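Here the structure comes first, spelled out in structure tokens, and everything after it is commentary.
Just so you know, all these numbers are worked out from the coordinates, no wet-lab data involved. If you're wondering where the values come from, they're calculated on a predicted model, not measured in any experiment. Reconstructed Cβ throughout: ideal geometry from the backbone, glycine too, with neighbour counts over all protein chains shown.
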Amino acid sequence: MNLELKNKLKYLALLNAIIEPEWEYRYYSYNSKWGDAEEMASLRDGCGGEWFVWFYNESIAFKCTSPVDGLVDNFQTLKDKVPRDYSIFLNEPAFSMDMGSCIWFLNNDCWQKLGNSISDLPNPETIQKMKAKDFCEFVDEIYEQEINCDLVAKIFDGKFEIEMASKINPNIDLTCLKEELLEIGLST
């Protein structure tokens, strides 16, 4: 699950970087060099919804703030139920750990879910099931653009080549995109 989820999140960040070169207008981001042996994916919807997926060796955790799905009244009670192995995650200031809707953590390849159910934003389970068609619909709805779903499918299959970026967005600056690839942890 670890590698499959990581790759899907990296491909979503890559596709979002191609479609929207300005970082502040993106939904999906990925930082493969978040910390010593740490990687981090994030989503921001521009309406107060956000989440973070944290990877550390074999540990994976997810923290979501979804105003639509509701915030937990006393978020600390959720944090207190998470094993100590996740203390780096729980104490990360960038993850806004003072409030949220839920925390998930992986235990024996099964998600332990604390807090509210999330239906307004994609979560790790729905992301793993996401198909190219789903992403193309997202782009059409959010960015009001049509993109080639066959190219998206190839990227989801790990077959990205830099020329594909120009086919998806003819105005993309490939030099900047190559720098983004390094942060995401992908190569061409």
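Some notes on this structure:
- Complete set of residues in region 98-112 that are closer than 14 Å to Tyr86 by Cα and surrounded by 15 or more Cβ atoms within 10 Å (Cβ to Cβ): Ile103, Trp104, Phe105, Leu106, Trp111
- Among (1) touching a helix residue (DSSP H, G or I) at 6+ places or on another chain (Cβ under 9 Å); (2) among the small types (Gly, Ala, Ser); (3) exposed (fewer than 15 other Cβ atoms within 10 Å of the Cβ), the one test that Ala94 misses: (1)
- Selection within region 128-146 - buried (at least 19 other Cβ atoms within 10 Å of the Cβ) and β-branched (Val, Ile, Thr): Val139
- The residues in region 147-184 that are exposed (fewer than 12 other Cβ atoms within 10 Å of the Cβ) and of a type in the set (Val, Ile, Thr) can be counted, and the count is 1.
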